[in-house]
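A.B. asks: Before I ask anything, here is the structure I am working with.
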Amino acid sequence: KQLFLHEQDLLSALYKDLGKSEFEGFETELGMVYGELKETLRHLKKWMKPKQVATPRMHFLSKGKIVPRPLGVVLVIAPWNYPIQLSLIPLIGAIAAGNCVTLKCSEFAPHSAKALVQVLQSAFPEEYVCVVEGDATVSAELTNQRYDHIFFTGSTQVGRKIMQAAANNL
């Protein structure tokens, strides 16, 4: 609901940051987010159900099942070129899986970051979704913390740094 209420703010932010028209902003960012939300809501009950699985022959009288469980805390580091789409789509998946999320917005899309802060703070308590703004030093500090999963889309060079920092906290 908050996404619909702030749609014009988000589209305006995309124009200010990237020069995207309303049509382009909707087609490449918000429309995809709405599609992901629709798909997630349609399948969520099915994804949450335990699944029966075969057991080894030596346990012939037993039954096995896989029960989906949240990973824990997820860090999403958003890029500048698709700041709304690549912030919210990973957030949707992480929340649907029962995780808490820290979202680090891109400092190169400041208007989009401010709009996302407004939308997400009105939609979620901070203990479930925490939105962080700042430059690369903030990203570096976040990746030095312990996260159960990190979602990053960007350059290979920065990806290696994030992977190295994350590996130190396994």
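A.B. asks: Could you tell me whether A115 is farther than 23 Å from I162 by Cα, among the small types (G, A, S) and open to solvent by less than 80 Å² (accessible area, probe 1.4 Å)?
C.D. replies: Numbers: farther than 23 Å from I162 by Cα: yes; among the small types (G, A, S): yes; open to solvent by less than 80 Å² (accessible area, probe 1.4 Å): yes.
The answer is yes for A115.
A.B. asks: Show the residue pairs meeting these rules: Cβ distance below 7 Å; 6+ apart or different chains; first residue within region 77-98 and in contact (Cβ under 8 Å) with a residue 24 or more places away in the chain; second residue open to solvent by 30 Å² or more (accessible area, probe 1.4 Å) and part of a loop (DSSP other than H, G, I, E, B).
C.D. replies: P79/T153; P79/G154; W80/F108; L86/T153; A97/P70; A97/L71; G98/P70
A.B. asks: Just one of (1) farther than 21 Å from Y82 by Cβ; (2) touching a strand residue (DSSP E or B) at 6+ places or on another chain (Cβ under 8 Å); (3) of a type outside the set (G, A, S) trips up E126, so point out which.
C.D. replies: (2)
A.B. asks: Still on this structure, I have one more. Looking at this structure, is E27 of a type outside the set (K, R), touching a Leu at 6+ places or on another chain (Cβ under 8 Å) and surrounded by 12 or more Cβ atoms within 10 Å (Cβ to Cβ)?
C.D. replies: Answer is no for this residue.
A.B. asks: Additional query: Going by what's in this entry, would A109 be described as open to solvent by less than 40 Å² (accessible area, probe 1.4 Å) and farther than 21 Å from Y147 by Cα? Before you say what the answer is, go through the steps one by one.
C.D. replies: Numbers: open to solvent by less than 40 Å² (accessible area, probe 1.4 Å): yes; farther than 21 Å from Y147 by Cα: yes.
When the stated conditions are applied, A109 passes them.
A.B. asks: Can I ask one more? Filter region 80-100 down to the residues that are touching a Pro at 6+ places or on another chain (Cβ under 8 Å) and either hydrophobic (A, V, I, L, M, F, W, C) or open to solvent by 30 Å² or more (accessible area, probe 1.4 Å) (or both) and list them by number.
C.D. replies: In the first step, residues of region 80-100 are kept if they are touching a Pro at 6+ places or on another chain (Cβ under 8 Å); the result is 86, 97-99.
Result: L86, A97, G98.
A.B. asks: Considering only region 2-19, I want to know if a residue exists there that is open to solvent by 60 Å² or more (accessible area, probe 1.4 Å), at pLDDT below 95 and outside any helix (DSSP H, G or I).
C.D. replies: no
A.B. asks: State all residues of region 38-67 that are open to solvent by less than 60 Å² (accessible area, probe 1.4 Å) and either closer than 26 Å to V131 by Cβ or in a helix (DSSP H, G or I) (or both); if no residue qualifies, say none.
C.D. replies: T40, H43, L44
The values are calculated or read from the model by the stated rules, or taken from the named source; none is laboratory data. Computed from a prediction, not measured in an experiment: that's the story for all the values here. Neighbour counts run over all protein chains shown; Cβ positions are idealised from the backbone, glycine included. Heads up: the accessible areas ignore ligands, DNA and RNA and are worked out on the full protein's heavy atoms, side chains in. Shrake-Rupley method; radii C 1.70, N 1.55, O 1.52, S 1.80 Å.
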